[in-house]
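Asks: One structure coming up, written as structure tokens, with questions to follow.
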Amino acid sequence: MACGAAVWTGDFCCFTAEVGCRTTYVFARHLVESAVLGDGVLHLSVRLNWYRSLPLCCVERLEVSLDGVPLAPEGTTLTLGAGTWTVPGLAGADGTWWPVLDTARVRVALGAVPDDGPHVVEVLVGTRIPYLVDRDGHAAVIVDRARAEVAR
Amino acid sequence: MSSLRLGVVLFSLGGPFWQRRLDLTGCLEAIASLGPDQGIELTGAQSLASYPAVSDDDVRAFRTAVDRTGVVPVSYCAYLERARSRSRVLTPVEAVGQLEEEIATARRLGFGMVRVNTATPEVLRALAPLAERTAVDLVVELAAEPRTDPATGALLAELDRLACPRLGVLQDFSAFVRTVPQPFLDDAAAGGAPAAGLEALAAVWSAGRPVGEAVDAVLCLPGLSPAERGSAVQTAHIAYALFPRGEVAGLGDVLPHLRHVQAKFFALDDSGTEPCIPYAELVAVLRDGGYAGRVHSEFEGHLWSDDLDAMDQLRRHQRDISRLWQETP
């Protein structure tokens, strides 16, 4: 259901006009498929911000904030299929691929139980593109951002 | 005049595919609806769920869909992925080893040609024995043309020297952009880039001036916030990276090694023509030069817009190429 500049799915709202975008509007707009705020935990469903599958270790950045406050990366995990990784642990996930059509489940531990009412979640995904390497040997990192409102 | 054989790069349907509105079989059915003898070009990393260890089930499903729809597997897109690991970037030649698995997958799927996304002369020397040993045609994608890009000229010179019948090139028509595509600019505006900044960078790009001048033009604009300036500068850099201004005559230089064409386009105008790429001139070079390979439509506008109907764009694009091919020289 569309509501002005926002797209609602259940209790998830993506403000399309506010989505930041490094490469294409399309990936950023669909980056976060759902967001649920529980007691001390934020659950997100997140898509890969590229058009094809990539090794999971190509996810160089996964950052989440709640109401503008960055959430600690050591409290954030990403689950794909039967595997779960911490954000720092993604660097070593060479042998696992993120299939482009699969949704990752991201779980973020919160320091405190959020107040009732609406909250704003911001997600940043930065992905290294392994075949876009410059003359100095540096690979391009594509960064997409999405902002969502979650109700608690 | 040789006959024109058409096809589609499956990347063209990447929008509905990424959004799970079309699966691979659905993509093949849609392409088959464009007409008989449709060639297809597939990227394993995009289209195959079990990639990179492609399963027998995926291969069987693909081949069944090919048999049923009548599309023709023409080219499989492989990559030299030098930065798969975060800890070490491979040299280009070291990455050639990755192609063994890609070639094996291509053969299982029924493709006789494998596209390599980039190469150096040194890589070409490593590809020649690989192509001979695996009995596939390896074609290097050219995102530029030799008259404006010396590296492309060096590749063609090395192909001359190697004289390997299984090596060639694929020309992407995005090497010949004349105007920054409007969907790209619209997308940048939706992401926060200011209209004045986009106008300024597009004007400098169209004048053939370097990216530094486009950045300067943006930074000279009054009244922009730091975020707006940053967004416009970033858009300038992306535009210059994505849209090279190649010379049409360069396509003629490529012809002796040309095995395949990705006819890139962004959004057709009301007359059914891509306004940013000189298609009439490019198709004339192919036709009059005796090109006998396929021309595969590659729609890229889906990267920047959900509103463009990919199948409508592909249908009209093939119609336009066919019209241009039939025009009297």
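Asks: Taking the conditions exactly as written (within 14 Å of chain A (Cβ to nearest Cβ), among the aliphatic types (A, V, I, L, M) and out of contact with any Ser or Thr (no Cβ under 7 Å at 6 or more places or on another chain)), does B:ILE238 satisfy them or not? Walk me through how you get there before you give the answer.
Replies: Numbers: within 14 Å of chain A (Cβ to nearest Cβ): yes; among the aliphatic types (A, V, I, L, M): yes; out of contact with any Ser or Thr (no Cβ under 7 Å at 6 or more places or on another chain): yes.
Considered against the rule, which asks whether it is within 14 Å of chain A (Cβ to nearest Cβ), among the aliphatic types (A, V, I, L, M) and out of contact with any Ser or Thr (no Cβ under 7 Å at 6 or more places or on another chain), B:ILE238 comes out as yes.
Asks: Return a yes/no flag: does the range A:126-133 have any residue that is open to solvent by less than 20 Å² (accessible area, probe 1.4 Å) and more than 13 Å from chain B (Cβ to nearest Cβ). Quick ask: steps written out before the conclusion?
Replies: Initial filter on the range A:126-133 (open to solvent by less than 20 Å² (accessible area, probe 1.4 Å)): A:126-130.
Narrowing further to those that are more than 13 Å from chain B (Cβ to nearest Cβ): none.
No: the range A:126-133 contains no residue that is open to solvent by less than 20 Å² (accessible area, probe 1.4 Å) and more than 13 Å from chain B (Cβ to nearest Cβ).
Asks: Next question, about the same structure. In the range B:146-155, is there at least one residue being within 13 Å of chain A (Cβ to nearest Cβ), of a type in the set (S, T, N, Q) and over 22 Å from B:ARG60 (Cα atoms)? If you could, list the steps in order and put the result at the bottom.
Replies: Residues of the range B:146-155 within 13 Å of chain A (Cβ to nearest Cβ): B:151.
If we keep only those that are of a type in the set (S, T, N, Q) as well, we get none.
No, because not a single residue in the range B:146-155 is within 13 Å of chain A (Cβ to nearest Cβ), of a type in the set (S, T, N, Q) and over 22 Å from B:ARG60 (Cα atoms).
Asks: Let me ask you something else. Starting from the range B:90-113, keep only residues that are within 22 Å of A:ASP134 (Cβ to Cβ), then list their pairs with residues that are part of a helix (DSSP H, G or I) and among the β-branched types (Val, Ile, Thr) whose Cβ atoms are within a distance under 8 Å, requiring at least 6 positions of separation or different chains.
Replies: B:PRO92/B:VAL123; B:VAL93/B:VAL123; B:VAL96/B:VAL123
Asks: For A:ASP94, state whether it is of a type outside the set (Val, Ile, Thr), in contact (Cβ under 8 Å) with a residue 24 or more places away in the chain and farther than 27 Å from B:PRO16 by Cβ.
Replies: Working: of a type outside the set (Val, Ile, Thr): yes; in contact (Cβ under 8 Å) with a residue 24 or more places away in the chain: yes; farther than 27 Å from B:PRO16 by Cβ: yes.
Yes.
Asks: Given the options B:SER12, B:SER33, B:SER3, B:SER87, name the one that is without any contact (Cβ under 8 Å) to a residue 12 or more places away in the chain, under 24 Å from B:ARG323 (Cα atoms) and either open to solvent by 40 Å² or more (accessible area, probe 1.4 Å) or not acidic (Asp, Glu) (or both). Explain how you work it out, then say what you get.
Replies: Values: B:SER12 fails: without any contact (Cβ under 8 Å) to a residue 12 or more places away in the chain; B:SER33 fails: without any contact (Cβ under 8 Å) to a residue 12 or more places away in the chain; B:SER87 fails: under 24 Å from B:ARG323 (Cα atoms).
Exactly one residue qualifies, and that residue is B:SER3.
Asks: Working only within the range B:17-30, note down all residues that are surrounded by fewer than 19 Cβ atoms within 10 Å (Cβ to Cβ) and within 14 Å of chain A (Cβ to nearest Cβ).
Replies: B:GLN19, B:ARG20, B:ARG21, B:ASP23, B:THR25, B:GLY26
Asks: Sticking with this structure for a sec: From the residues in the range B:36-69 that are farther than 27 Å from A:ASN49 by Cβ, assigned to a loop (DSSP other than H, G, I, E, B) and open to solvent by 40 Å² or more (accessible area, probe 1.4 Å), which one is farthest from the other protein chains (Cβ to nearest Cβ)?
Replies: B:PRO36
The values are calculated or read from the model by the stated rules, or taken from the named source; none is laboratory data. Quick caveat, the model's predicted, so the values are computed rather than measured. Neighbour counts are summed over all protein chains in view; Cβ atoms, including those assigned to glycine, are modelled from backbone coordinates with ideal geometry. Keep in mind that these areas ignore ligands, DNA and RNA; they rest on the heavy atoms of the full protein, side chains included. Shrake-Rupley method; radii C 1.70, N 1.55, O 1.52, S 1.80 Å.
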